[in-house]
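Worksheet: one structure, shown below.
The values are calculated or read from the model by the stated rules, or taken from the named source; none is laboratory data. None of the values given here were measured: they were computed from a predicted structure. Heads up, the Cβs are rebuilt from the backbone with ideal geometry, glycines too, and the neighbour counts pull from every protein chain shown.
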Amino acid sequence: MYPNLKIAIFKRGIHQNQISKVLGINEANLSKIIRGYREPSETQRVMLAKYLEMDAAWLFEKYENDAHAGASRHSNAQRDHLESGRNPDQRQ
């Protein structure tokens, strides 16, 4: 799952179908990318990052939940950034 991507889209009030039309990405594929079921191509990463005006590396940080241990692999700092919706590369 790419929670940073999902948050960036949500915070801008953009619908997935709008993004898919503008960028020429199949809407079903875009949904799978956001949910982490499909890896975006490098071109798609760049297009999405430019469209959302965000850093691609940050947008596409994966969140993986370890179901057996019941703990996420995100650090506390990463969780803080996700909860705030801020890009960690941007200063306040």
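Among the residues of segment 8-28, what is the count of those that are within 14 Å of the chain's Cα centre (by Cα), in a helix (DSSP H, G or I) and surrounded by fewer than 19 Cβ atoms within 10 Å (Cβ to Cβ)?
Number satisfying all stated conditions: 3.
Among (1) under 16 Å from GLU61 (Cα atoms); (2) at pLDDT 95 or above, there is one condition GLY24 misses while meeting the rest; what is its number?
(1)
Suppose we filter segment 36-82 for residues that are modelled with pLDDT under 80 and either assigned to a helix (DSSP H, G or I) or among the basic types (Lys, Arg) (or both); how many remain? Lay out the reasoning, then the answer.
As a first pass, look at segment 36-82 and keep what is modelled with pLDDT under 80: 63-82.
In the following step, the residues that additionally are either assigned to a helix (DSSP H, G or I) or among the basic types (Lys, Arg) (or both) were identified as 73, 76-82.
Total meeting the criteria: 8.
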